[in-house]
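Report on the following structure.
The values are calculated or read from the model by the stated rules, or taken from the named source; none is laboratory data. Predicted model, so just to flag it, every value in this text is computed and none were measured. Counting neighbours? That spans all protein chains shown, and the Cβs are built from the backbone with ideal geometry, glycine included.
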Amino acid sequence: MGETLGAYVKLIGAQGRGQASYRVSFWLDLTGTTILVGADLIAILVIFSRVPLLAGFSLKETIVLFGLAATGFSLADLLVGNIEKIRAYVRLGTLDTVMIRPLSVLGQLLVLDVGFRRVGRVVYGATLLGVALWAAEVHWTPAKLAMLVVAPLAGAAFFCGFFIATSTVAFWWIESGEVANSFTYGGRDFTSYPITIYGGWFRKIFAFALGFAFVAYYPGLFLLGKADPLGAPAWLGWLSPLVSAAVLGLSALIWRFGVRHYRSTGS
Amino acid sequence: MNIIETRDLRKEFTVSVKTGKLRRSRRTVAAVDGVSLAIQRGEIVGYLGPNGAGKSTTLKMLTGVLTPSSGEVAVCGFKPVPQRLKLARRIGVVFGQRSTLWWDLPLRDSFELLRHIYRVPPAEHEARLAKCRAMLELDEFLDTPVRQLSLGQRMRGELTAALLHGPEILFLDEPTIGLDVVSKQAVREFLAELGGRGDTTIVLTTHDLADIERLCRRIVVIDHGRVVHDGSIEALHARYGSRRRVIADLDEPLTAEVDLPGVRLESSLESSLALRLTFTIDGSTSVGPLVSHLAASGRLRDLTIAEPEIEDVIARLYQSDAPVPLQSQPA
């Protein structure tokens with residue numbers, strides 16, 4: 001086990017060295033993504049310049065949710081964002097070269113191109129979360145501090161599962177990119193706002209059936225000490241690691257099934 | 001014990017075919033259609049077939065890349081897909097058309113990474129690498145990033161990469177494709193040496209029949225997913241009636257037609273220099289009577305006897321069955 005881990009560490013190191021040979025591109029990407037994420041925040045500020053409350057949530061409270069979603073998502077993106085490359089690997093048949101190695105296919109794909117350039121977004125999300133919590137004048141308790149650690153990690157695990165599960169579709173349907181993105185990026189945008197702004201079946205599907213309410217909404221309410229306008233109990237935030245574990249486990253099963261359906265390409 | 005064994009191995013792909021503007025119909029195509037093979041330790045087997053015959057698909061099922069649709073397969077005693085991780089340590093794979101090396105890193109770094117991935121003890125790694133460096137002349141480009149290597153250099157790197165963990169079986173999927181004459185020669189020499197030692201089983205697919213003639217005592221020919229020949233090259237010649245040719249240059253046309261059993265006039269070509277007659281001789285017939293007949297005519301200027309070429313045999317084999325393989329079917 002330890003030795004396998006060693007092999008992965010070497011692979012990540014190699015990837016870093018490979019990326020270092022394209023230095024300018026690295027810095028351009030890093031600044032580019034940071035600016036893009038900033039644009040999302042501006043959208044929230046614009047909304048609140050017209051209204052004081054958004055479906056019962058103030059600007060500071062909304063940014064706490066936004067920060068939680070951004071931290072979880074960017075952590076997941078840093079860890080498994082590469083899985084998106086599976087589409088290219090399946091289409092070109094290069095997955096063959098991964099499958100002949102004595103390491104897990106998923107593990108290799110994830111370290112094949114670690115996005116060091118995406119570190120910036122994690123820092124950005126965490127900073128935003130910190131600032132919003134400070135501005136919202138949260139009364140800290142040990143339970144809340146614990147939640148502050150648990151929630152972003154559970155959120156990251158949740159999005160990791162979604163990245164893996166939706167990318168697996170590529171094994172059957174090569175042009176699956178946009179569909180996969182509508183779930184992952186769409187899910188992130190969904191969790192960035194209080195779920196009270198969404199209505200009817202849309203909220204039911206995304207928040208509860210797919211579980212996105214457990215990424216930022218319920219843990220956020222707990223941190224803010226705010227009662228749920230929809231009437232759910234405060235402890236619901238603590239279900240978030242369990243929901244994440246379920247999503248991650250399910251995605252692993254889907255992945256396993258997908259790999260068995262790999263078709264490769266001619267020659 | 002057989003190191004590779006398959007029974008009734010099949011791989012089907014579903015392809016959707018356009019049948020109208022919007023309508024598509026799905027149909028199942030068998031890329032590999034009941035292949036049974038038994039390969040012993042130390043054998044060098046050439047796996048041949050036209051494009052789309054199912055060569056690569058078979059190889060991918062043997063290496064754990066593709067899951068068979070049905071049938072049984074055991075490689076080194078493992079089931080390739082469920083036991084992929086264990087099998088991967090025992091086999092080496094070279095894909096002629098894609099690289100397994102790290103594109104942006106020096107070749108040397110790829111080898112070092114492989115040492116960690118396969119957990120090869122440093123001393124063993126060094127010994128194997130030293131051998132490959134000497135035989136494949138890697139030293140001049142060991143510090144060059146892989147993306148800057150020529151195809152020939154890269155292929156020598158790929159071969160080394162596949163062998164550093166001391167695999168029991170080496171699978172090569174078109175290892176000489178696109179290489180120049182010198183590189184092809186180098187690759188063949190190396191494989192011949194490796195196979196000659198007898199501890200590595202080699203299975204290679206190729207379109208270059210010179211690879212086969214140089215390396216393989218046994219060839220398996222596959223067409224439309226089925227094995228159509230499994231045996232030696234000589235057996236193939238015998239079975240498909242390979243014919244030797246007698247090419248005679250004459251000063252003047254013969255007075256009478258040649259009428260000897262098993263001999264047929266294939267072509268007659270007249271040039272300003274001479275009249276060239278080409279005869280084909282059936283497998284079991286001696287060329288003696290024809291040669292003495294021609295010599296007796298007193299008009300013979302020159303004579304060549306050409307041994308059958310494996311290309312001709314294979315071409316005949318491919319053409320012998322009628323249906324054309326589907327284009328959409330992976331090879």
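Working carefully through the options B:209, B:204, B:215, B:294, find the one that is farther than 24 Å from residue B:51 by Cβ and not β-branched (Val, Ile, Thr).
Answer to the selection: B:294.
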Taking the stretch A:176-223, which residues are crowded, with 17+ Cβ neighbours inside 10 Å, more than 12 Å from residue A:65 (Cα to Cα) and among the polar types (S, T, N, Q)? A:176, A:184
Reported set for the stretch B:1-40 where residues are touching a residue at least 24 places away in the same chain (Cβ under 8 Å) and over 29 Å from residue B:170 (Cα atoms) is B:15, B:17
Given (1) under 21 Å from residue B:36 (Cα atoms); (2) assigned to a loop (DSSP other than H, G, I, E, B), where does residue B:231 come up short, assuming only one miss? (2)
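Listed here are the residues, each with its yes/no results for (1) β-branched (Val, Ile, Thr); (2) more than 13 Å from every other protein chain (Cβ to nearest Cβ); (3) closer than 18 Å to residue B:172 by Cα; (4) assigned to a loop (DSSP other than H, G, I, E, B).
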residue	(1), (2), (3), (4)
B:42	no, yes, yes, yes
B:82	no, no, no, yes
B:111	no, no, no, no
B:119	no, no, no, yes
B:123	no, yes, no, no
Cβ contacts < 8 Å: first residue free of Cβ contacts under 8 Å to residues at least 60 places away in the same chain and surrounded by fewer than 24 Cβ atoms within 10 Å (Cβ to Cβ), restricted to the stretch B:44-71; second residue assigned to a loop (DSSP other than H, G, I, E, B) and of a type outside the set (D, E, K, R), any location; separation 6+ or different chain. Result? B:67/A:261; B:67/A:262; B:67/B:81; B:68/B:81
Does residue A:150 satisfy being over 28 Å from residue A:13 (Cβ atoms), touching a residue at least 60 places away in the same chain (Cβ under 8 Å) and more than 14 Å from chain B (Cβ to nearest Cβ)? yes
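Taking only the stretch B:240-270 into account, find how many residues are aliphatic (A, V, I, L, M), in a strand (DSSP E or B) and crowded, with 16+ Cβ neighbours inside 10 Å. Break it down stepwise before answering.
Step one: of the stretch B:240-270, the residues aliphatic (A, V, I, L, M) are B:246-248, B:250, B:254, B:256, B:258, B:260, B:263, B:265, B:269.
Okay, now just the ones that are also in a strand (DSSP E or B), so B:246-248, B:250, B:263, B:265, B:269.
Remaining after also requiring crowded, with 16+ Cβ neighbours inside 10 Å: B:246-248, B:250, B:263.
Total meeting the criteria: 5.
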With respect to residue B:8, determine if the residue is modelled with pLDDT of 90 or more, assigned to a strand (DSSP E or B) and either at positive phi or aromatic (Phe, Trp, Tyr) (or both). yes
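Counting only residues that are part of a helix (DSSP H, G or I) and modelled with pLDDT under 85, which one in the stretch A:90-106 is surrounded by the most Cβ atoms within 10 Å (Cβ to Cβ)? Steps first, please.
Filtering the stretch A:90-106 down to residues part of a helix (DSSP H, G or I) leaves A:90-92, A:95-99, A:105-106.
Subset that is modelled with pLDDT under 85: A:90-92.
On the way: A:90: 24, A:91: 13, A:92: 12.
Here the answer is A:90.
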Going through (1) surrounded by 12 or more Cβ atoms within 10 Å (Cβ to Cβ); (2) modelled with pLDDT under 75; (3) closer than 30 Å to residue B:118 by Cβ one by one, residue A:20 fails only at (1)
